[in-house]
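Beneath this line is the structure, given in structure tokens, with notes to follow.
The values are calculated or read from the model by the stated rules, or taken from the named source; none is laboratory data. As the structure is a prediction and not an experimental result, all values here were calculated from the model. Here Cβ is always computed from backbone atoms with ideal geometry, including for glycine, and neighbour counts include all displayed protein chains. For the accessible areas, the whole protein counts, side chains as well, though only heavy atoms, and no ligand, DNA or RNA atoms are used. Shrake-Rupley method; radii C 1.70, N 1.55, O 1.52, S 1.80 Å.
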Amino acid sequence: MRRSYRPAGTARQMLAITADTRRADELPRIKRPTLVLHGRDDPLVPLACGIDTARRIAGARLHVIDGMGHDLAPGVLELLLPRLCEHLMEERRG
């Protein structure tokens with residue numbers, strides 16, 4: 001927190017997110033294999049948003065990580081890596 005506490009930057013980021021009106025409409029244009037990773041306990045972006053993102057991308061796979069919030073807390077990387085590696089290896093073979 002001492003190193004990255006920037007309330008003004010956080011406010012600008014939240015404003016940019018809420019002002020975006022095109023992202024959802026652009027997601028169906030993604031034509032590559034897609035893995036959506038989302039934390040079940042994310043306090044900033046509800047799980048419903050991750051589900052919606054995966055639904056809008058044809059063939060996307062959603063993996064929900066129990067206990068994960070919005071950041072990469074200790075221990076989360078070990079939960080993400082197997083899914084990410086699996087996805088990347090499938091793309092490489094594909």
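Name every residue in region 1-25 that is modelled with pLDDT of 80 or more, open to solvent by 80 Å² or more (accessible area, probe 1.4 Å) and over 29 Å from Ile57 (Cβ atoms), in order of residue number.
Arg6, the sole residue that qualifies.
Suppose we keep only residues that are among the aliphatic types (A, V, I, L, M) and more than 15 Å from the chain's Cα centre (by Cα) within region 14-29. Which one would you say is nearest to Asp71 (Cα to Cα)? Break it down stepwise before answering.
Of the residues in region 14-29, the ones among the aliphatic types (A, V, I, L, M) are 14-17, 19, 24, 27.
From the residues that got through so far, the ones that are more than 15 Å from the chain's Cα centre (by Cα) too are 14-16, 19.
Details: Met14: 16, Leu15: 19, Ala16: 19, Ala19: 22 Å.
Applying the filter and picking the extreme gives Met14.
Looking at this structure, is Gly67 without any contact (Cβ under 8 Å) to a residue 12 or more places away in the chain and open to solvent by less than 80 Å² (accessible area, probe 1.4 Å)?
Details: without any contact (Cβ under 8 Å) to a residue 12 or more places away in the chain: no; open to solvent by less than 80 Å² (accessible area, probe 1.4 Å): yes.
Considered against the rule, which asks whether it is without any contact (Cβ under 8 Å) to a residue 12 or more places away in the chain and open to solvent by less than 80 Å² (accessible area, probe 1.4 Å), Gly67 comes out as no.
Would you be able to tell me the number of residues in region 70-94 that are closer than 21 Å to Ala24 by Cβ and surrounded by fewer than 10 Cβ atoms within 10 Å (Cβ to Cβ)? Give the steps one after another, and end with the answer.
First, the residues of region 70-94 that are closer than 21 Å to Ala24 by Cβ: 70.
Add one more test, that the residue is surrounded by fewer than 10 Cβ atoms within 10 Å (Cβ to Cβ), and what stays is none.
Adding up the residues that qualify gives 0.
Among the residues of region 41-53, is there at least one that is touching a His at 6+ places or on another chain (Cβ under 9 Å) and acidic (Asp, Glu)?
Within region 41-53 (the criterion being touching a His at 6+ places or on another chain (Cβ under 9 Å) and acidic (Asp, Glu)), the answer is yes, since at least one residue qualifies.
Rundown of residues vs (1) open to solvent by 80 Å² or more (accessible area, probe 1.4 Å); (2) within 30 Å of Glu86 (Cα to Cα); (3) without any contact (Cβ under 8 Å) to a residue 12 or more places away in the chain, yes/no style:
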site	(1), (2), (3)
Lys31	yes, yes, no
Val36	no, yes, no
Pro46	no, yes, yes
Cys49	no, yes, yes
Ile57	no, yes, no
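Output the qualifying pairs, or none if there are none: Cβ atoms under 6 angstrom, residues six or more apart or on different chains, first residue in region 71-93 and over 11 Å from Leu37 (Cβ atoms), second residue open to solvent by less than 80 Å² (accessible area, probe 1.4 Å).
Glu91/Pro33
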